Amino acid sequence: MMQPPAIELEGVRFAWRGGPVVLSIPAFRVAKGERVFLKGASGSGKSTLLALIGGVLTHYAGEVRVLGQTLRELSAVRRDAFRASHIGYIFQMFNLLPYLSTVENVLLTMRFSRERARRAGTDPRSEARRLLAALGLRDPALLERPITALSIGQQQRVAAARALMGRPELIIADEPTSALDADSRFDFLELLQSECAVAGASLLFVSHDMSLAQAFDRTVAMSDINVAVPVS
């Protein structure tokens, strides 16, 4: 039986209340296991698109399906639970908690999803350590340090490990390499894609850095999928 796409949008239109249509996407799909590079200028609708895929925004026309689930069919509580269980986010500003240690930030995912806690295995702390090591944080002393004691590059790897914890089926990375130098960006991307492959996860990677696009299965421009007239 054919598995549903990781992401599927059909006839989606979105406008902020009282404003013009800012997002109009006739069709957009990301296949299961596919790695897609999404590019677009500021104001092109990237953040709005990610909010729709995550079920954060719901007042739109058309259909948004993630892993075969039509998001609008879910209540707000069930959308939150679905997102926590099936989608790993890597935010541009990382969104790590300063009062938690490195490993505790990675384990935070387990508090919000029993399903991801189950998939992490019987020893989630060991799985957190494995992910951190796979992403280049191999020094055991780093794991118990406050997250604020780590460099920006190290914090980025912690954010990626947290997103990958519990093997979510979809990873969304929103400008995660913007604070890194060129060499570090490619190293991080290679590690991220390797871990996505291990987990069988699809990857939607949003960035302005076109030098990274060659590492992906496909590059999609917001200007190609969003036919709404840009607001001047």
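Some values worked out for this structure:
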| quantity | calculated |
| --- | --- |
| Residues (loosely packed, with under 13 Cβ neighbours inside 10 Å and outside any helix (DSSP H, G or I)) located in region 173-216 | 181, 200 |
| Any pair with Cβ under 9 angstrom, 6 or more apart, that starts in region 156-177 at a residue that is more than 19 Å from residue 200 (Cα to Cα) and ends at one that is open to solvent by 10 Å² or more (accessible area, probe 1.4 Å) and charged (D, E, K, R) | 174/46; 175/46; 175/209; 177/185; 177/209 |
| Complete set of residues in region 35-79 that are of a type in the set (D, E, K, R), crowded, with 16+ Cβ neighbours inside 10 Å and not in a strand (DSSP E or B) | 46, 79 |
| Which numbered condition residue 23 fails, given (1) open to solvent by less than 50 Å² (accessible area, probe 1.4 Å); (2) within 22 Å of residue 161 (Cβ to Cβ) | (2) |
| Unique match (being in contact (Cβ under 8 Å) with a residue 60 or more places away in the chain and out of contact with any Lys or Arg (no Cβ under 6 Å at 6 or more places or on another chain)) among 108, 67 | 67 |
| Residues of region 66-96 that turn out to be charged (D, E, K, R) and in contact with a Leu (Cβ under 7 Å, 6 or more places away or on another chain), as a count | 1 |
| Single condition residue 96 does not satisfy, out of (1) in contact (Cβ under 8 Å) with a residue 60 or more places away in the chain; (2) under 30 Å from residue 224 (Cα atoms); (3) in a loop (DSSP other than H, G, I, E, B) | (2) |
| Matching residues in region 196-225 - criterion: being more than 16 Å from residue 160 (Cβ to Cβ), at pLDDT 95 or above and of a type in the set (S, T, N, Q) | 219 |
| Unique match (being at pLDDT 95 or above and either among the β-branched types (Val, Ile, Thr) or closer than 19 Å to residue 50 by Cα (or both)) among 147, 87 | 87 |
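The values are calculated or read from the model by the stated rules, or taken from the named source; none is laboratory data. For clarity, every value in this text was computed on a predicted model and none was experimentally measured. Cβ: placed from backbone, ideal geometry, glycine included. Neighbour counts: every protein chain shown. Each accessible area value is taken on the protein alone, full model and side chains, heavy atoms only, with ligands, DNA and RNA left out. Shrake-Rupley method; radii C 1.70, N 1.55, O 1.52, S 1.80 Å.
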